[in-house]
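These notes concern the structure reproduced below.
The values are calculated or read from the model by the stated rules, or taken from the named source; none is laboratory data. The structure displayed is predicted, hence computed values, not measured ones. Backbone-built Cβ (ideal geometry, glycine too); neighbour counts: all protein chains shown.
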Protein chains: 2
Amino acid sequence: MDSMKWLTEEEQASWRAYVHATTLLEDHLDRQLQRDAGMPHMYYALLTTLSDAPTRRMRMTELAQQTKITRSRLSHAVTRLEKNGWIAREDCPSDRRGQMAVLTDEGYEVLVRTAPGHVTAVRSAIFDRLTPEQVQQLGEISRIIAEGLQPEGADLPWLR
Amino acid sequence: MDSMKWLTEEEQASWRAYVHATTLLEDHLDRQLQRDAGMPHMYYALLTTLSDAPTRRMRMTELAQQTKITRSRLSHAVTRLEKNGWIAREDCPSDRRGQMAVLTDEGYEVLVRTAPGHVTAVRSAIFDRLTPEQVQQLGEISRIIAEGLQPEGADLPWLR
């Protein structure tokens, strides 16, 4: 094991803090959204991503890519959200094998109702606590990590 | 909705990048550890936490607190890790209702075998890509977020 490049003490401390922060934050936002809208944070991200798309619809493969999840995880989530009436599936006009996910009016209403509480939760957990410099640092560090994990030809979630 | 304090554009961009980075990283490390050791990242964190404890054992409630997860999630994980022979449960000598989790010799061997590949994955995904200043910033930002989510009397995962 001598030849291993272990983490320095500072790296270890940062890594441990990062894992703790993400674990606590995921739990916090899942609880908040389960309580206020009966869905986990990832489902909420699917609805907001669709609400930002032209005509509130997107190919399933593109929705998986934009939210960085696997196709099977997306398919499972969309099935649940369809049962709630918040998302509908449509055939893709340009590709007979493709499918589109569409945010329904009811799904949009859920977002309008839920967004204020969710933004307050995100703000009080993160942005109210950080300086403008730290907000910028968090974005830059996150972009570096996210880009590094998406090289050409990688085993990316949405290609599985 | 006018009175809502929405996120600024910079905050939104940082938040989106953070969610993407954590989603990709969780997928990446889960895949790496599933492939190399047949367990997700969270199970690995339980084993390393126990390996750092005196005599490689810890009360279940303390293990949940240190890894920031709920008791039921911990209990489920320990049951799986017991079946692998990597963790054993013991009664707590000082508290008749308490239970201890113990890292077995076999569990320790798994860590020794798996740690080099895991450290390489963490290093190449994060620490090889960040400057020393960014490593320090990531730690500081993560500590601020983690501390903010653990106030006195909060609905903390390990108390559920």
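Evaluating B:K68 against the criteria (1) out of contact with any Ser or Thr (no Cβ under 9 Å at 6 or more places or on another chain); (2) touching a residue at least 24 places away in the same chain (Cβ under 8 Å); (3) under 19 Å from B:R160 (Cα atoms) leaves one unmet condition, (1).
Does A:L7 satisfy being within 9 Å of chain B (Cβ to nearest Cβ), closer than 25 Å to A:L138 by Cβ, without any contact (Cβ under 8 Å) to a residue 12 or more places away in the chain and not in a helix (DSSP H, G or I)? Yes; evaluated as a whole, the condition is true for this residue.
Filtered by the rule that a residue be under 12 Å from A:W15 (Cα atoms) and either among the charged types (D, E, K, R) or surrounded by fewer than 19 Cβ atoms within 10 Å (Cβ to Cβ) (or both), the range B:135-151 gives B:Q136, B:E140, B:R143.
Figure legend. Inter-residue proximity from the range B:27-46: first residues at positive phi, second residues modelled with pLDDT of 95 or more, beta-carbon distance below 9 Å, spacing 6+ or different chains. Indicated pairs: B:G38/B:N84. Listed conditions (1) surrounded by fewer than 17 Cβ atoms within 10 Å (Cβ to Cβ); (2) at pLDDT 95 or above; (3) more than 8 Å from chain B (Cβ to nearest Cβ) are all met by A:A154, apart from (2). Of everything listed in (1) over 14 Å from the mean Cα position of the chain (by Cα); (2) closer than 28 Å to B:S124 by Cβ; (3) surrounded by 14 or more Cβ atoms within 10 Å (Cβ to Cβ); (4) of a type in the set (S, T, N, Q), the single unmet condition for A:T22 is (1). Looking only at the range A:125-151, count every residue that is at pLDDT 95 or above and under 19 Å from the mean Cα position of the chain (by Cα) and tell me the total. Final tally of qualifying residues: 16. Step by step: first the residues of the range B:71-111, then only those that are small (G, A, S) and in contact (Cβ under 8 Å) with a residue 60 or more places away in the chain, then the one that is nearest to B:D52 (Cα to Cα). Which residue is that? Filtering first and then ranking leaves B:G107.
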